[in-house]
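Structure first, commentary second.
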Amino acid sequence: MNDILPPGSATWEWFEQCVRRVMHRYGYRSVRTPIVEPTALFVRGLGEVTDIVEKEMYSFVDSMNGDALTLRPENTAGVVRASIEHNLLHDGGKRLYYVGPMFRHERPQRGRYRQFHQVGVEALGFPGAEIDVEIILMARALWSELGLPPLRLEINSLGQPDERRAHRQALIAHFESRRDELDADACRRLHSNPLRILDTKNPAMAAVVDAAPKLMDFLGTASLGHFDMVRRGLEAAGQPFVVNPRLVRGMDYYNLTVFEWVTDRLGAQGTLCGGGRYDPLVEMLGGKPAPGVGWGMGIERVLDLVSELGLGPQAPAADVYAVVPDPAAAIPALSLAETLRNHGLSVVLHAASSEGWGSMKSQFRRADASGARFALIFGADELARGCVSLKPLRDPQSPQRELSIAQASAWAPGLRVA
């Protein structure tokens, strides 16, 4: 779990601003749910034999009332729970998004931490494949907003439960016939969740997985039609994609479309965004049946790629640094600084340290390091005349000049074009 400190925190703020702009363009509205939810919500929603539920959740018993609680490992279940509890779908579908921390007890590695942060979108109440395409293209729009180069899009269809059941029996038979090639984790999953074996990262199992029956061969007309519309929608939008028949997702609630946005620049942790359709989930969590589709995006991994490519915002710089040589200058400096801030400017006011106010030379070093365009100097001689000195810090050809306090206050609105 990491602290996010300046100047790096400015990159997070820039990222969140980019997210909000994209969400606004697509008509998605912010939702905020609790970080702590009942453990049963995730067991029901994600599945008892998923890695998240079996190994990764931070769960505890409330010492006050004995409730079993969990720090949220993902937020789709929480958003669906909130939509049921508050009857959000009573007047039609909802387009929602969230930004916030999630928690999983897993081995930390590049771009993956035990407290990590996600952006997620959830479109609830829309059954058509056009919404699948919309949320995929919304992720593409965010890559563009961030200045990232095109990423690889992989898609697949998981079909419907009866189709997956038929495929599941074929998978079990296939893996049973080659059990000596399975690792311990695959053997454990063989009868509980054989679809997850296809997602193995063990290279020794590549051959047996490649030879496994493909779910696409078990899909009926409706599922194939839905997937065909997704592909045609992406093609119409000029979005290249790869159909990956081995692409599954880590939660039990997915059906039909699943997808991932992938980069080759971050090593093994190359998936930046993943999601898909989860039509069964609302009913699984106790609501009236309603379709859903969404994605989750790991912010740390995205910002890792932003850093790798040298993108992101410039370090924020102040407009003005107020040089305050002694305590007598502090009050007039405070007053003028507030006037400038009220005009919308960023002003850094020099303040005394435990060693005192510091020399003028050291204050000018700090002023230069702040990135400020101007220094306002509250020297004793200037103040005795009711003035301050204005020194340009980024234009060595411009001379320092003296302004009355009144002139300095009136000058403030023109600073940005001065």
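The values are calculated or read from the model by the stated rules, or taken from the named source; none is laboratory data. Note that the structure is a prediction, hence the values are computed from the model and not measured. All Cβ positions, glycine included, derive from the backbone under ideal geometry; neighbour counts span all protein chains shown.
Restricting LEU340, LEU345 to those that are of a type outside the set (Phe, Trp, Tyr), touching an Asp or Glu at 6+ places or on another chain (Cβ under 8 Å) and not in a helix (DSSP H, G or I) reduces the list to LEU345. If I filter the stretch 138-184 down to residues being touching a strand residue (DSSP E or B) at 6+ places or on another chain (Cβ under 9 Å) and basic (Lys, Arg), which single residue comes out as modelled with the lowest pLDDT? Among them, the one singled out is ARG164.
Determine whether ALA384 is without any contact (Cβ under 8 Å) to a residue 12 or more places away in the chain, out of contact with any strand residue (DSSP E or B) (no Cβ under 8 Å at 6 or more places or on another chain), closer than 21 Å to ALA328 by Cβ and among the hydrophobic types (A, V, I, L, M, F, W, C). Outline the logic, then answer.
Details: without any contact (Cβ under 8 Å) to a residue 12 or more places away in the chain: yes; out of contact with any strand residue (DSSP E or B) (no Cβ under 8 Å at 6 or more places or on another chain): yes; closer than 21 Å to ALA328 by Cβ: yes; among the hydrophobic types (A, V, I, L, M, F, W, C): yes.
Criteria met by ALA384.
Contact annotation: residue pairs with Cβ atoms under 8 Å, 6 or more positions apart or on different chains, pairing a residue in the stretch 75-100 that is at positive phi with a partner that is among the small types (Gly, Ala, Ser), are GLY92/GLY125.
Of the residues that sit in the stretch 236-260 and are farther than 17 Å from MET297 by Cβ and hydrophobic (A, V, I, L, M, F, W, C), which one is surrounded by the most Cβ atoms within 10 Å (Cβ to Cβ)? Selected residue: LEU256.
Listed by first and then second residue, the pairs with beta-carbon distance under 6 Å, at least 6 apart or on different chains, first residue in the stretch 256-285 and in contact (Cβ under 8 Å) with a residue 12 or more places away in the chain and part of a loop (DSSP other than H, G, I, E, B), second surrounded by fewer than 17 Cβ atoms within 10 Å (Cβ to Cβ) and of a type outside the set (Lys, Arg), are ARG265/GLU308.
Identify the residue in the stretch 376-407 that is part of a helix (DSSP H, G or I) and not hydrophobic (A, V, I, L, M, F, W, C) and, among all such residues, is farthest from LEU340 (Cα to Cα).
The initial filter retains those residues of the stretch 376-407 that are part of a helix (DSSP H, G or I), namely 380-384, 405-407.
Narrowing the set further to residues that are not hydrophobic (A, V, I, L, M, F, W, C) leaves 381-382, 407.
Details: ASP381: 22, GLU382: 19, GLN407: 12 Å.
Result: ASP381.
A count restricted to the stretch 50-85 and to residues that are in contact with a strand residue (DSSP E or B) (Cβ under 7 Å, 6 or more places away or on another chain), polar (S, T, N, Q) and surrounded by fewer than 19 Cβ atoms within 10 Å (Cβ to Cβ) stands at 1.
Going through the stretch 54-74 one residue at a time, which ones are outside any strand (DSSP E or B) and among the hydrophobic types (A, V, I, L, M, F, W, C)? Walk me through it before giving the result.
Just the residues of the stretch 54-74 that are outside any strand (DSSP E or B), to begin with: 54-57, 62-67, 72-74.
Across the stretch 54-74, the qualifying residues are MET57, MET64.
Evaluate the stretch 408-416: report whether one residue or more is exposed (fewer than 13 other Cβ atoms within 10 Å of the Cβ) and assigned to a loop (DSSP other than H, G, I, E, B). No, the stretch 408-416 contains no residue that is exposed (fewer than 13 other Cβ atoms within 10 Å of the Cβ) and assigned to a loop (DSSP other than H, G, I, E, B).
Yes/no per residue for (1) surrounded by 15 or more Cβ atoms within 10 Å (Cβ to Cβ); (2) out of contact with any helix residue (DSSP H, G or I) (no Cβ under 7 Å at 6 or more places or on another chain):
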position	(1), (2)
VAL262	yes, yes
LEU285	yes, no
VAL293	yes, no
GLY312	yes, no
PRO316	no, no
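Screening HIS105 with (1) in contact with an Asp or Glu (Cβ under 7 Å, 6 or more places away or on another chain); (2) modelled with pLDDT of 90 or more; (3) assigned to a loop (DSSP other than H, G, I, E, B); (4) farther than 21 Å from TYR278 by Cα gives one miss only, at (2).
This table checks each residue for (1) in a helix (DSSP H, G or I); (2) of a type in the set (Gly, Ala, Ser); (3) surrounded by fewer than 16 Cβ atoms within 10 Å (Cβ to Cβ); (4) at pLDDT 95 or above.
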| site | (1), (2), (3), (4) |
| --- | --- |
| ALA204 | yes, yes, yes, no |
| ALA222 | yes, yes, yes, yes |
| PHE227 | yes, no, no, yes |
| LEU234 | yes, no, no, yes |
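Of GLY379, GLY358, all but one fail to be surrounded by 13 or more Cβ atoms within 10 Å (Cβ to Cβ) and at pLDDT below 90; the exception is GLY358. Using the structure shown, decide if ALA333 is in contact (Cβ under 8 Å) with a residue 40 or more places away in the chain, in contact with a helix residue (DSSP H, G or I) (Cβ under 8 Å, 6 or more places away or on another chain) and assigned to a helix (DSSP H, G or I). Taking the combined requirement at face value, the residue does not satisfy it.
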